[in-house]
Structures are given as C-alpha cells and as structure tokens.
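Just so you know, all these numbers are worked out from the coordinates, no wet-lab data involved. This one's a predicted model, so the numbers in the text were calculated from it and none came from an experiment. Virtual Cβ from ideal backbone geometry, glycine too; neighbours counted across all protein chains shown.
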Amino acid sequence: MSDSVIRYDRVQRILHWLIAVVILSMIAIGLYMVQLPKEWELPPGQESVRAFWFLLHKSLGITAAALILVRIGWRLTHKAPPLPSYVPKWQQRLSGFVHGLLYALMVAMPLSGYLQSMFSKYDTKLWGIVLPRLAEPSTALREQFSEVHEILAFTLIAVLVLHISAAIRHRLTNRDISDRMSLCDKTNK
Ligand code: HEM
Ligand code: HEM
C-alpha cells in the first residue's frame, strides 16, 4: 500500500460525482416514467403525470450531455493519474476498457434519447424552452431509436454494476484506488 494517493484532479473528481448523481437519477426516472399510464389509459377526470416525468427526463438528460462533453474535453486534455505499480497489468487494462465503455455509453445515451425525441411528434423542450426541430416526425425512426436507447440503458446498468462493485471492493480492501476519485482531500487511512 502506498503512503500517498495520487488523485484525479479536482475538476475530474467533481464532474465524476456530479454526473454520477445525474445519471443514476436519470436511470431511476427513465425506468419509472415508462411504466406510468398514458392519459387515455386513465379513468375520465384523472390527469397523467407521465408528461411531467418525460419533460424532466429530457431536460436533465440534455443538461447531463453538456456536463459529459465538458468532462470528456477536460479528460482529453488532462491525464488520469497513474495507477499504483502493484496493480497487475491485466487489471489496469480491464479498468481502462470499462472506463472507455462508460464514456462511450455516456455519449450514446443522451444522443439516442435526443434522436428518439427529435423524431417524435412532440417538441423537445429544455427546461421549458422549445428546441428547434431538426427533422420531421417519423414513427418508424422514433421506435428504432427508442429501442436503441432502451438496449443502451440496460447495457449501462450492467457496466455500472461492474464499476460500482469494483469500487466498493477496493474501498473495503485497500483504499488507494477508491481514494483516487474521493471528493475529500484527506486520505482516510
Ligand atoms: C453513473 C455513475 C458512474 C459513472 C458514469 C462513472 C464513470 C467513471 C469513469 C468513466 C471513470 C474513469 C475516469 C477516467 O479515467 O477518466 C471512473 C472512475 C472511478 N469511479 Fe466511477 N462512475 C460512476 C459511479 C461511481 C460510483 C457510484 C463509484 C463508487 C462507489 C465510483 C467510483 C469510481 C472510482 C473510485 C474511480 C477511479 C478508478 C481509478 O482510479 O482507476 N464511480 N468512473
Ligand atoms: C444520461 C442520459 C440518459 C439516461 C441514463 C437515460 C436513461 C433512460 C432509461 C433507463 C429509460 C427507460 C428505458 C426503457 O425501459 O424503455 C429511458 C427512456 C427514455 N428516455 Fe432516456 N436517458 C438519458 C437521456 C435521455 C435524453 C437526452 C432524452 C431526450 C431528450 C431521453 C428520452 C427518453 C425517452 C423519450 C424515453 C422513453 C422511451 C419510451 O417511451 O420507450 N433520454 N431513458
């Protein structure tokens, strides 16, 4: 175990945790909202809250995309700190692969969500502001991108289970790795 932990820089640590909270909320909202009844499935006089959650999901998702782009821009210009040399090469390669997959999914999720929304007959709104329509509505394309978005969502959940399990395992055994992304500047040993 090394004496001092080399952390990710402060910007990367703040963006990691901010985006993690937003993405975990987006997954929860997404899974919840698709099960809500549509207006015409409810007894007369009852209002559906489905539209509220869809609007929130879309606005938060587009905001997440902006944060993710800032994060990727920062990461491309700022290296990750080297892992301690005792971490086996295969583990370093595996974690690099999983992190690459997470970045790809962080781009593909909002993109596929936006594309299905773009081909829908409803306007896409960002916190109440109607965004310009870039394409004509198409049921076939909306359904295709909706399916892509759903498959990617379940892939993201599976990769996150791996990522979070690895982080918890490190936290319980040797904190050198988990402290690298810790918001707190002090090493808790
Ligand atoms: C939506 C949720 C999350 C996403 C998308 C995510 C994504 C990522 C990515 C892409 C990296 C690599 C950073 C880089 O090298 O540029 C990373 C590192 C890390 N993440 Fe997460 N993460 C999430 C949630 C979590 C959670 C909940 C934990 C803790 C339980 C965690 C702990 C860590 C740690 C400790 C590292 C540093 C690993 C290392 O030093 O190699 N992450 N995360
Ligand atoms: C990090 C970003 C995002 C995450 C993690 C995410 C996650 C999810 C999840 C888990 C679902 C439920 C999947 C299902 O069972 O069908 C969902 C559905 C949906 N998402 Fe996203 N989403 C993101 C971004 C977006 C964006 C940016 C938009 C649009 C601007 C969007 C629009 C939608 C729509 C319209 C549905 C419902 C699809 C349907 O009715 O079948 N999402 N999302």
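Miscellaneous remarks
- Only listed residue being aliphatic (A, V, I, L, M) and within 14 Å of the chain's Cα centre (by Cα), chosen from Ala80, Ala64: Ala64
- Test: residue in the stretch 109-129 that is surrounded by 15 or more Cβ atoms within 10 Å (Cβ to Cβ), touching a residue at least 24 places away in the same chain (Cβ under 8 Å) and among the β-branched types (Val, Ile, Thr): yes
- Per-region count, the stretch 135-161, residues surrounded by fewer than 14 Cβ atoms within 10 Å (Cβ to Cβ) and within 11 Å of ligand 1 (Cβ to nearest atom): 2
- When the residues of the stretch 1-49 are filtered to those that are among the acidic types (Asp, Glu) and either assigned to a helix (DSSP H, G or I) or loosely packed, with under 11 Cβ neighbours inside 10 Å (or both), the one that is nearest to ligand 1 (Cβ to nearest atom) is Asp3.
- Condition met for Trp90 (in a helix (DSSP H, G or I), more than 9 Å from ligand 2 (Cβ to nearest atom) and farther than 24 Å from Ala153 by Cα): yes
- For the stretch 1-46, a residue qualifies if it is closer than 30 Å to Trp74 by Cα and of a type in the set (Phe, Trp, Tyr), and the qualifying residues are Tyr8, Trp17.
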